[in-house]
Amino acid sequence: MTQEITTLQEMLDRIHDSGDDQGRVSLGEIVESVGNRSFGPLLLMVGVIAASPLSGMPGVPTGTGLLILLIAAQLFFRRDHFWLPKWLLRRSLGKDHVQKAIRWLRPVARFIDRWLQPRLPVLIKGGSIYLISFVCAAIAIVMPMMELVPFSAHGAGLALSAFGLALISRDGLLALIAFAVTAVSFGFVIYNFN
C-alpha cells in the first residue's frame, strides 16, 4: 500500500520518479505513483500540471479540465477510490517536459509546505467537500475557455492545487484561499471575454 502523501514536495517526488524506459510519463503511471484512493493528491497533481508551464501547450488545459471534472464528480459522490478510463490513463507526455515542470515547481513547493497545518476543519469536511467538488467542476467547465486567455489556466491551477493541499493537510484556511483564487481567475476570464 502506498504511503499517504502529506506535502507538495512528496507529490512532486513521486511524479518525478514515474515514467517508462521510452522517456514518457503516462497519466496512469502518475496516478499509480500518488495512489488511487486519495482525492487530495490527485486534485493537487492536476492543479500542479495546470499551474505549470505545461498549461501553455495546446490542449493541456482542456485535457486537465476533463480530468478535474472526473475527480470533482467522484469527490462529490464520495467514492472510496478514484477511477479513470483506460484510454485516458494511457495519455502521456515526454518525461523531460514533466521533469522540467517539476524543477520549476520545487522552490514553490518548499515554501508552501512550511505553511501547511490543520486549521478551520469546517471548511474541508462534511458539506464543505460538496462545495469544493462543485467549485472544482466549475473550474473544469471553464478550462477550455482558459486556453484562449493567456495565464488564466495558471490561476485555475493554483486554486486546484490549493484545494488538493487543503484536503491533504486538512487546512481550511487554504481552502478559503482557493475559493478566493478561483473567483479572481473566473473574473479574469470574464473580463477578457467582454
Item to check | Residue, nearest to residue 111 (Cα to Cα), within the range 1-59, restricted to residues that are among the hydroxyl-bearing types (Ser, Thr, Tyr) and at pLDDT 75 or above | outcome: 7
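Here's the yes/no breakdown for (1) surrounded by fewer than 23 Cβ atoms within 10 Å (Cβ to Cβ); (2) more than 25 Å from residue 9 (Cβ to Cβ); (3) charged (D, E, K, R); (4) within 15 Å of the chain's Cα centre (by Cα):
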{"residue": "146", "(1), (2), (3), (4)": "no, yes, no, no"}
{"residue": "163", "(1), (2), (3), (4)": "no, no, no, yes"}
{"residue": "180", "(1), (2), (3), (4)": "yes, no, no, no"}
{"residue": "186", "(1), (2), (3), (4)": "yes, yes, no, no"}
Checklist outcome for this item: Residue set 67, 42; condition of a type outside the set (Lys, Arg), touching a Gly at 6+ places or on another chain (Cβ under 9 Å) and open to solvent by less than 20 Å² (accessible area, probe 1.4 Å); output residue 42
Checklist entry - Of all the residues that make up the range 42-57, how many are part of a loop (DSSP other than H, G, I, E, B) and more than 20 Å from residue 95 (Cβ to Cβ)? => result 0
Checklist entry - For residue 16, which of the numbered conditions (1) surrounded by fewer than 20 Cβ atoms within 10 Å (Cβ to Cβ); (2) free of Cβ contacts under 8 Å to residues at least 60 places away in the same chain; (3) outside any loop (DSSP other than H, G, I, E, B) fails to hold? => result (2)
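The values are calculated or read from the model by the stated rules, or taken from the named source; none is laboratory data. These numbers were taken from a predicted model, which means no experiment stands behind them. Methodologically, a virtual Cβ is constructed for each residue, glycine included, from the backbone with ideal geometry; neighbour enumeration extends over all protein chains shown. Accessible surface is based on the protein model in full, side chains and every heavy atom, while ligands, DNA and RNA are left aside. Shrake-Rupley method; radii C 1.70, N 1.55, O 1.52, S 1.80 Å.
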